[in-house]
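The values are calculated or read from the model by the stated rules, or taken from the named source; none is laboratory data. Quantities reported herein were computed from a predicted structural model and do not represent experimental measurements. Here the Cβ positions follow ideal geometry from the backbone for every residue, glycine too, while neighbour counts run over all protein chains shown. Calculation scope for accessible area: heavy atoms of the full protein, side chains included, ligands and nucleic acids excluded. Shrake-Rupley method; radii C 1.70, N 1.55, O 1.52, S 1.80 Å.
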Amino acid sequence: MEFAILANVLAKMEATKKRLELTQYLVELFQDTPNEVIARIVYLLQGKLRPDFEGVELGVAEKLAVRAIAKSSGMPIKKIESEYRKKGDLGNAATVILEQKTQTTFLAEDITVERVYDTLYKIASLEGSRSQDMKMKYISSLLNDATPIEASFILKILLGTLRLGIAENTVMDALAIAYTSSKENRKILERAYNVSSDLGQVAEIIANEGLDGITKFEVKLFNPIRPMLADRVKSESDAIEKMGKRFAAEYKLDGERVQLHISNEKVILFSRSLENITSYYPDIVEKIPNMINASEVILEAEAVAINEDTGEFLPFQELMHRRRKYKIEKAVTQYPITINFFDVLFHNGKSCLELPYEQRRKTLENIVKENDFAKYVPMEIVTNENEIEEVLENSINSGCEGLMLKMLDKPYQAGARGNYWLKLKREYRNELGDSLDLVVIGAFFGKGRRTGRYGTLLLATYDDDQDVFTSICKVGTGFTDEDLDQLYQILSNKVTIKKNPRIDSDMEADVWFEPELVLEVVASEITLSPIHKAARDTIRKNAGLALRFPKFTGKIRIEKTAEDASTNQEVITLYRGQKKISQDKSQV
Ligand code: ATP
């Protein structure tokens, strides 16, 4: 398939923000795509080469791309850098530069999607000392044969700056229309995506096998399942109202969620955001298979740091020490954990997702043999407010965050945040009602004791409709000196020359970052704001939402990607919830 077809559609998509138009362009693109290329097209549209959980990173630095453009165009590096500063995007700068190209290439090879994809894949696989030169050779070989517009999109994909404003849902809408003529079938595609986390694979199946194939799509070992998430409740009485007469109350442990895929030969661990985290937990890989009574299984558990002498749970931050590439063995002995199982998703060749909770819990208890290292998450069946209160007390006293309440007769809803699971935390009872997980998008330099570090951070929510990060507050409290040092170290590596186009903020930050790092923040209130962009125009025209008196809780949410941060929809719900409480209070 000619790469020009894709490049032309990408150019049209960049020029609009309207979801209907974007979907229509995608439908036309898919209709022009041969089945054997569809998966690659879907990955490229998302700026990827493979699904996230495979961890294939392009890893090309701007400097290298500048050199490649210089090589292909015959222009000096200085001129390319100055065009880049003018345009704010290297891909767009390359279009201008290559249009002025004086040397023509004879016998230019046609650029196909297959060739671009294969070359990018080779670039991603290169490692070692000579890899930079090889990468440059590959990039300039593509640029030599590409038209200026093709070159611009190749570079955007390479540098991770392709911004189309399409979330997975839009891609699935378009796949449903292109291959089944009905957007309604999106739900069936969504199910397949939720159990495979691989949109390319879903596209390939719908293209080759149609609706029949996608309906039969099943859970597979080593393909991570998108996690089921919980809604919030504020009180025991709210919980009873939503959950009914009898339900499970499990401790909500403050650790890292781990999805374990285990066969006789192999163990792979995925994080909440489906990153492969096997290498951080050699102790789980070594010990757990011996404690499992099954040949193939997918389990969910919370890994929690513990005090080995007392067995007490320690806060989540202790697990940060495991995030290292080297000397992991030392971290394993210095920062021991227990692994606390709470669900089973697949067992000996069969999906367990459709089974009701009660049956899954029973199966789980038959599969895992408990000991000092492996445990089940403590669970009680509760029927009234007092019983919930008691389990909550016990859970808080043993160092947990609160409770996860689960309906006994409901299936596991992969990838959904719904009412079958609810979370009840102590902190929900005061002030805002919950903490928020926000993305660091910018910073302001500190003064006084904070000179040389970032004194205040600019934070954003995720707008999952537009796929952008909208500013919601500046935060300067809650940081210890250690936090400030650590954040400065982490964030210095994320500084960008220009504000990333996915950031929506009118503030003038001293520095801008790649929107990647997620922090947990509490606040006293959500207010309307003329400045901030979160949920802009939703509650009131020309106003967004902002946090009043935000404070960092000390938690860096390493297990969350920026797209897992709190969404504008969640903030709107909290805003409306606080309105309701103040109305209720004034009526008392
Ligand atoms: P939070 O910010 O409250 O951790 P979240 O956005 O990560 O929430 P939620 O669905 O809101 O995800 O809360 C579920 C999280 O709580 C899970 O991702 C998991 O890490 C953790 N957890 C702790 N104990 C349990 C449990 N018993 N059952 C399910 N999840 C649990």
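Miscellaneous remarks
- Cβ-Cβ under 9 Å pairs, at least 6 apart or on other chains, segment 392-412 side closer than 19 Å to GLU256 by Cα, far side open to solvent by 30 Å² or more (accessible area, probe 1.4 Å) and among the β-branched types (Val, Ile, Thr): GLY402/ILE396
- Among the residues listed as ALA546, ALA535, ALA523, the single one being over 30 Å from GLN46 (Cβ atoms), surrounded by 21 or more Cβ atoms within 10 Å (Cβ to Cβ) and out of contact with any Pro (no Cβ under 6 Å at 6 or more places or on another chain): ALA546
- Screening segment 12-81 for helices (runs of 4 or more DSSP H) wholly inside it with 3 or more residues that are surrounded by fewer than 18 Cβ atoms within 10 Å (Cβ to Cβ) and modelled with pLDDT of 90 or more returns the ranges 19-31.
- Cβ pairs under 7 Å, 6+ apart, first in segment 180-199 and within 15 Å of ASP212 (Cα to Cα), second open to solvent by less than 50 Å² (accessible area, probe 1.4 Å) and assigned to a loop (DSSP other than H, G, I, E, B): ALA192/PHE217
- Whether a residue is in contact with a Ser or Thr (Cβ under 9 Å, 6 or more places away or on another chain), under 30 Å from LEU26 (Cα atoms), modelled with pLDDT of 95 or more and not small (Gly, Ala, Ser) was assessed, and PHE222 passes this test.
- Some residue of segment 381-400 being open to solvent by less than 10 Å² (accessible area, probe 1.4 Å) and more than 30 Å from MET291 (Cα to Cα): yes
- Selected residue (only one of ALA535, ALA523 is over 30 Å from PHE53 (Cβ atoms) and away from the ligand (no atom under 16 Å from the Cβ)): ALA535
- In segment 72-101, the residues that are over 15 Å from GLU62 (Cβ atoms) reach residues that are open to solvent by less than 30 Å² (accessible area, probe 1.4 Å) and of a type in the set (Gly, Ala, Ser) with C-beta atoms within less than 6 angstrom, at least six apart or across chains, in these pairs: SER72/SER140; THR95/SER152; LEU98/SER73; LEU98/ALA151; LYS101/SER73.
Residue-by-condition table, conditions (1) out of contact with any Cys (no Cβ under 6 Å at 6 or more places or on another chain); (2) closer than 23 Å to GLU2 by Cβ; (3) charged (D, E, K, R):
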position: PRO76; (1), (2), (3): yes, no, no
position: GLU83; (1), (2), (3): yes, no, yes
position: MET134; (1), (2), (3): yes, no, no
position: SER141; (1), (2), (3): yes, yes, no
position: ALA146; (1), (2), (3): yes, yes, no
position: PHE153; (1), (2), (3): yes, yes, no
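- Here SER273 passes the criteria (1) open to solvent by less than 20 Å² (accessible area, probe 1.4 Å); (2) more than 24 Å from GLN359 (Cβ to Cβ); (3) within 13 Å of the ligand (Cβ to nearest atom) except the one numbered (1).
- Applying the condition of being free of Cβ contacts under 8 Å to residues at least 24 places away in the same chain and out of contact with any helix residue (DSSP H, G or I) (no Cβ under 6 Å at 6 or more places or on another chain) to segment 29-71 and asking which residue is nearest to VAL96 (Cα to Cα) yields LYS63.
Matching residues to (1) within 16 Å of the ligand (Cβ to nearest atom); (2) hydrophobic (A, V, I, L, M, F, W, C); (3) closer than 30 Å to LEU175 by Cβ; (4) not in a strand (DSSP E or B):
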residue	(1), (2), (3), (4)
GLU209	no, no, yes, yes
ILE214	no, yes, yes, yes
PHE217	no, yes, yes, yes
ASN223	no, no, yes, yes
LYS234	yes, no, no, yes
ALA239	yes, yes, no, yes
ALA249	yes, yes, no, no
GLN259	yes, no, yes, no
GLU265	no, no, no, yes
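- Within segment 408-423, the presence of a residue that is in the same structural domain as LEU517 (by TED's automatic domain parsing), more than 14 Å from the ligand (Cβ to nearest atom) and farther than 25 Å from THR561 by Cβ is excluded.
- From the list LYS287, LYS245, the lone residue that is part of a loop (DSSP other than H, G, I, E, B), open to solvent by 50 Å² or more (accessible area, probe 1.4 Å) and farther than 23 Å from LYS560 by Cα is LYS245.
- Boolean, GLY442 is surrounded by 14 or more Cβ atoms within 10 Å (Cβ to Cβ), closer than 30 Å to HIS347 by Cα and within 25 Å of the chain's Cα centre (by Cα): no
- Residue ID - nearest to the ligand (Cβ to nearest atom), chosen from residues in segment 542-578 that are among the aliphatic types (A, V, I, L, M) and farther than 14 Å from LEU528 by Cα: ALA565
- Apart from one condition, PHE342 fits all of (1) away from the ligand (no atom under 13 Å from the Cβ); (2) open to solvent by 10 Å² or more (accessible area, probe 1.4 Å); (3) outside any helix (DSSP H, G or I); the exception is (1).
- Residue match in segment 471-493 (condition: part of a strand (DSSP E or B), of a type in the set (A, V, I, L, M), away from the ligand (no atom under 16 Å from the Cβ) and more than 30 Å from VAL233 (Cβ to Cβ)): no
- Test: residue in segment 318-338 that is open to solvent by less than 50 Å² (accessible area, probe 1.4 Å) and among the acidic types (Asp, Glu): no
- Looking across segment 556-576, just one residue is touching a residue at least 40 places away in the same chain (Cβ under 8 Å) and surrounded by fewer than 17 Cβ atoms within 10 Å (Cβ to Cβ), and that is GLN569.
- Unmet criterion (only one of (1) away from the ligand (no atom under 15 Å from the Cβ); (2) surrounded by fewer than 24 Cβ atoms within 10 Å (Cβ to Cβ)) for ALA230: (1)
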